[in-house]
Each structure stands twice: as structure tokens, then as C-alpha cells.
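The values are calculated or read from the model by the stated rules, or taken from the named source; none is laboratory data. Because the structure is a prediction, the values reported are computed rather than measured. Neighbour counts are summed over all protein chains in view; Cβ atoms, including those assigned to glycine, are modelled from backbone coordinates with ideal geometry.
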Amino acid sequence: MIKVSNFTKVYKLSKKQMTEQKVTSKIKKAADKVSFNAKEGEIFGLLGPNGAGKTTILRSIATLLKPTEGTIEVMGHDVVKEPKEVRRRIGFLTNEIKLDKHFTPKYTFKFFGKLYGVSDKIIDERREKLFNYFDIKSFEDKKISELSTGMTQKLAIAVSLVHDPEIIIFDEPTNGLDIITARAVTNYLEELKSQGKLIIVSTHIMTVAEKLCDSVAIIIDGKKVAEGTISEIINEYKGKDLEHAFFNIYEKHVKEV
Amino acid sequence: MLLVIVKKELKRVFTDKRLVFSSFVLPALSIFLLYSLMGNMIGNMSNEIDEHIALVTIVNSPESFKDYIELYIDQIDRLKKEQGADFNDFQLEARYIDMTENEITNIKNSETGDLVKLGKTDVVIIFDQSFDKSVEGYETIQHPNVNTFYNPGEEYSSSAISRIEYQLLTGYQNFLLEKRFDGLSTLSAFTVNIENQNNIIAKEGQAAGLGMSFMMPMLLNIMLFAGAMGIGIDVIAGEKERGTMATLLLTPVDRKTIAFGKVLSLGIVAVISATCTFGAIIASLPNASEMLAGGTEVSIDSFGFAIGDYLMLLTVIIMQVGIFVGLICLISVIAKSVKEAGTYISPIYMVVMISAFGTIFTTQDVQMYKFMIPIMGNVFAIKEILTFDLSLVEFGVTVGMSAVIIGVLLKLITMAFNNERTMFNT
């Protein structure tokens, strides 16, 4: 469903960014020849510490960024050549992508539904279903600015699913969510998986990954250093659990560098 | 899709009380209040000067002048009764005093302050002693002299002095000459405009148009830009800052459509904002005509515009709005934050102001190349439409040039929308 081949992303840094990040080089390799495949009906995890390049990879899959080298195909569509076809098929969610607080949940849902070319009738049906599932129904006519963080987060998830995408990309899905909302979200991801959809999540919390993901790719310093199912990774890197295995990988990688 | 985006943008603006107040209500209200207040004050001031009865101190007045003043005041009183509210002739109250040669020399050599010692007075007229005698003996004696003193810092005084010199003393001279030559007809070779009361040649509305054409293009341009500026920054730079732009860019809608939707809705907002302000100016016209058109009665009817003129005006305004909105959008896309956009936009606002002010004082014919100058060309065109001077070729050049600029701006905005560096600050 998603095929990432030799994906490399290089950022040019401005002088200000160079001082901020305390580097002397004008270019920064956020992703370096990353390749992996993710198949339908699974939850695929991109794991790694902050700044490893996970978000860059996810944004490039979502066509927000263009690869410097390598290719990314989403259901057979190249992200550079057919970005619209790709966008039609994915739902993308991160904390940095926000909804205008001035509007109501109901209006926001409808607006994005229309932009995805969904008919009014289907928008209404999906809204009923998703708003009920995430308990948004009772505040659907309030301004988003009046909602709590958790409520806004739930709405953002609902909105990202308005076009019933085949692939759902979720950057740090449970970050900043309260325990109950986080549970609702992970449960819904399981349900989407059972519908045969592909879910890609990124996280640096290994317990979340272990519970949620079928297979994972571990990214450190922009490079993919391991890939496989959870049990394959634990076995290969001799960990008690995923977190233990991750630290073994991390140590090995740091030594190599 | 375009319509969906434009609708959302307009909904965003018009359901936000803060934006509506700051972009539509406040500018219109302040223009109305300011113009009405200033117009009334300027109007009152000139009325007050017209109605003021000048206090004139006359030193060593000859008998003939006293007679003349008496006649003058009688005539003024009669006119005042006849004309009622329309009456605006010079009125005076004369005070006669006598002084010796020495006192007069002292006054002539002194600072104005000493004149004040004469008491509260607007103008002092000092006649040479034995004035009447000198006038009568004109064949053998040198002409006598009249000295006048006034205070240029005082409105009443400086207004009275010109009336006294050009009206009163000239009248007095004629009065004396009439006595001397027994009638004035032998002394004049011709008269000017004596039966031609209406000596103004202008196309209907042109006079009022000229008055308005001084201020209007400038005001209109500044209003259009200012109206679009605040909201424009919010619509694009604000969306980037709040992270709501990325959500929009994730949808399968063309970036070009998103960009165009933003520009279009901002254009609509700018026109509505300018219309509000324009409405406020029209509403303040009855009070502000003194200030805007130098006393010419101005109302929207006084322009005498035909449909063609309105269409030209509208087209040029829309083109100007296009350029403004294009510039504002482009800057907002490039800027990383609302604050940064505000900083970048200030110099452009300055350019708009300078372009607008620069056209106020041009009186000669506008050369063709000037219509090609971005922004300024449109201001010239608006000015020329208001005075009925814009030819179709000039109109075509202005609109054509603007269309090219708008095209380039749209292209640049779309490029910026496609550029991940500007969109995601990477």
C-alpha cells in the first residue's frame, strides 16, 4: 500500500536555524535512504527518538514535503507526480495541523468534506457516525475555541476521516490526550485496521507501539536501523520487551557512529 | 471548490465580530466623525469670519471718508435685509480718533504691540493730516497717503484688511473721483463681467469633480489598502501561524485554487470595506464639502456621471484592489508569522500612500507612461475619471498593465503555495 524507496530529505538551513540547532553545516539530512513497505490491514509504527526524522517521513508521504531523493508510492500513486491522488487516499493527523477555532465542529466537518469532494448526504452520515463515536455530538454547534484540548483532538481525528481514507497517518497519536481519549483513539485505530485500512503511526513511546503496532521501522538520525514485526525485533535484538530491544538498537547505532 | 473556499473565508470574516468591527465599522465611523467634525469646524470658521463685524480704528479721518463710511454702512444694512441668509458682504464698525503728527510717527515706528494700545481693533487706518485739502488741491500738491495696519496672525484682521484695501478704500477713491469729475464714466474704458454672472466654463459636474478629484483617489486607495491589510494578514499568515493552513493543503484541492480563493475573498472583503468607508464619506459630504471641495456644494449627484464613467471607475478600482490584495497575499504567504507579515507590509503601505499623495498635486495633463506605473497609474486613472479626462486608450493601458501585474502576483502566490519552505517554514 505504501512503498518508500531510498527516501532522502535534505533541508537547507538558514543562518538563524544553524544557530538555533547549533550546527555549522548549511544542510541537514532529516532522512537518509529510508526504505520500507507498509501493507493494508496493519498498523505500522515509525519509532525513534525526537528529531530522528519520523515527522519528515510522514509529511512526505502526505505530500506536504517533496523527497530530495528516492520515491514514495501510495497505492501505486507517486507523491510527487500525483499528489492529489495521494491526498485523496490518506487521512493525516498531527498536533501541528489544527482546525480554525472560530468555526463549529459541524461546519468544520462539512467544509473539509466538501474539499475532499464528498457529497452532502455522505458527509451527514459520516458525521453522525464519527461524532457519536467520539462523543462530539453534544458540542457540535459550539465554537472550537470553547472546546477542551481533548475534545478538539477528537474532532481533529473525526475531520481527518471525513473522506473515509484507505490510509491513516497519525503523528504521535496519543500525545497530549487524556487517558480516556487516548483509549478511544487507539480503539478506533484497531477498528479501522479491522476494516482493512493501513494505519501508520509515529511514536517515541515504546509501550504504545508495542500495544498498537503489528510491524515497525526504527529510525535513528534519519536512517532506518531496523524493521520487522514486534516479535521479530524483540527476538533479533534480544530485548525483554520492545523498549529494551530499542535501547539495544540505539546503543549499537550510536557505537557505530 | 473555489466557491467552497471563498464562502468559508467570507464566513470566517463576517462572523468574527472583532474583524467586522475593526475592518468595516471602525474605519467608516471614524472617517464619518472626523470629516463631519473637521468639515463643520472649517465651515464654522469661514462663516464666523464672514459674519464678523470688523472693528476698524480710523485715525484723523477726513470728513469725506466719514461720509463715505456712513453711506457704506447704510447700503450694507439694506443689503443685509434684502439678502437674508445669503448675505456675506464686509461689515464694519468704525471708531474715529485724532492724533498728532508725533503720535502717528511713534505708532508707525513701533511694534504692533503699541497698536494694541489703541484698544481692541482688527485694522487701523491712518490718514495723512489735511487729507481732504490735499485731495482737493490735487493739481498742485502731492497725493496724500493712507496707511493701514493689521495683524497677519489674526484671521479676523487679515480677512478685514483685504476687504478694506480692495473694497472699501477703492470704493472711497471712486467716491472721491466721482465728486472730482462729476461722474465716473469718463474714467473707465471697459468693465469686466458686469452682466456675466455665470463665468464658469465646465462640463456638467466637472467643477465638483475637480474638487473631489484632489482628495478622492488618495482616500480611496488608502482605504482599499488599509481595509485589505489587516484581514489579509490574518487570512494567510495567521492561518500559517495557527497551523490551519496545513490542514487545507492536505486536501486534494489544487494549491492554485486555494491561493485564488484566498485572493478572491480578500478582494471582496477589501471592496466591501472600501464601500463602507466610501459610504461614510458620502454621508459626511453635507458637512465636509468645505474641506473636500473648497466650499463647492458636493453631493453624489453633482458628479453627473454616466454609466460608462461608473463602469470605468469600477473597473479601475477592481484592478487596484487586485494588485493590493495580490501584494498582501504574497507577503503573507512568504512571512513566517503575522508579526513578520506586518513588518513586511509597512513599506508597501508607504508606497501606496506616496503613490496616492503624489497624484494630488499634478495639474498638467498626465502623460501616457504614467498610467503604466503600477499602483500609481490606477490612482491617476481614478483622478482622470473624476474630472472626465480619461481617454479610452489611457483606460485600456491602465487596465492592461494592472492585469499583467495581477497575473504575475497570482503566479508568484501559487509558486509560494507550492513551496514547502515557505509553507512549512522548513
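Details
- The criterion of at least 3 residues that are at pLDDT below 85 is met, among helices (runs of 4 or more DSSP H) falling completely within the range B:203-315, by B:206-233, B:255-293.
- Among (1) β-branched (Val, Ile, Thr); (2) in contact with a Phe, Trp or Tyr (Cβ under 6 Å, 6 or more places away or on another chain); (3) more than 13 Å from chain B (Cβ to nearest Cβ), the one test that A:Val159 misses: (3)
- Pair list, Cβ < 8 Å and 6+ apart or interchain, from the range B:237-248 residues that are among the β-branched types (Val, Ile, Thr) to residues that are assigned to a helix (DSSP H, G or I): B:Thr247/A:Phe112; B:Thr247/A:Val159
- Selection count, the range B:58-101, where residues are in a loop (DSSP other than H, G, I, E, B) and closer than 25 Å to B:Arg180 by Cα: 3
- Taking each residue of the range A:233-251 that is over 14 Å from A:Leu47 (Cα atoms) and among the aliphatic types (A, V, I, L, M) and looking for partners that are surrounded by 14 or more Cβ atoms within 10 Å (Cβ to Cβ) and at pLDDT below 90 with beta-carbon atoms closer than 8 Å, six or more apart or interchain, yields nothing.
- Within the range A:112-140, being more than 14 Å from chain B (Cβ to nearest Cβ), among the hydroxyl-bearing types (Ser, Thr, Tyr) and surrounded by fewer than 17 Cβ atoms within 10 Å (Cβ to Cβ) holds for one residue alone: A:Ser138.
- Checked against (1) under 14 Å from the mean Cα position of the chain (by Cα); (2) modelled with pLDDT of 85 or more; (3) part of a loop (DSSP other than H, G, I, E, B); (4) not acidic (Asp, Glu), A:Phe170 passes all but a single condition, namely (3).
- Residue ID - modelled with the lowest pLDDT, chosen from residues in the range B:138-187 that are assigned to a loop (DSSP other than H, G, I, E, B) and among the hydrophobic types (A, V, I, L, M, F, W, C): B:Leu184
- Qualifying positions in the range A:169-224 - closer than 26 Å to A:Tyr237 by Cα, hydroxyl-bearing (Ser, Thr, Tyr) and surrounded by fewer than 20 Cβ atoms within 10 Å (Cβ to Cβ): A:Thr207, A:Ser215
- Identity of the residue in the range A:80-94, more than 8 Å from chain B (Cβ to nearest Cβ) and surrounded by fewer than 15 Cβ atoms within 10 Å (Cβ to Cβ), that ends up farthest from B:Leu248 (Cα to Cα): A:Lys81
- Remark: B:Tyr35 matches the filter, which requires a residue to be touching a helix residue (DSSP H, G or I) at 6+ places or on another chain (Cβ under 9 Å), more than 14 Å from every other protein chain (Cβ to nearest Cβ), within 22 Å of B:Gly227 (Cα to Cα) and assigned to a helix (DSSP H, G or I).
- Residue ID - surrounded by the fewest Cβ atoms within 10 Å (Cβ to Cβ), chosen from residues in the range A:235-256 that are of a type outside the set (D, E, K, R) and over 23 Å from the mean Cα position of the chain (by Cα): A:Val254
- Only one entry of B:Ser64, B:Ser30, B:Ser36 meets the criterion of being at pLDDT below 90, of a type in the set (Gly, Ala, Ser), surrounded by fewer than 20 Cβ atoms within 10 Å (Cβ to Cβ) and not assigned by TED's automatic domain parsing to the domain that holds B:Ala228, and that entry is B:Ser64.
- Output for the range B:9-32, where each listed residue is within 12 Å of another protein chain (Cβ to nearest Cβ) and in contact (Cβ under 8 Å) with a residue 24 or more places away in the chain: B:Glu9, B:Arg12, B:Val13, B:Leu19
- Single match in B:Asn102, B:Asn88 (criterion: under 25 Å from B:Ser46 (Cα atoms), modelled with pLDDT under 85 and polar (S, T, N, Q)): B:Asn88
- Per-region count, the range A:50-77, residues outside any helix (DSSP H, G or I) and over 16 Å from A:Val225 (Cα atoms): 16
- Members of the range B:143-159 that are in contact with a Phe, Trp or Tyr (Cβ under 7 Å, 6 or more places away or on another chain) and either surrounded by fewer than 15 Cβ atoms within 10 Å (Cβ to Cβ) or aliphatic (A, V, I, L, M) (or both): B:Val146
- For the range A:178-201, the condition holds for at least one residue, the condition being that it is in contact with a Gly (Cβ under 8 Å, 6 or more places away or on another chain), at pLDDT 90 or above and part of a loop (DSSP other than H, G, I, E, B).
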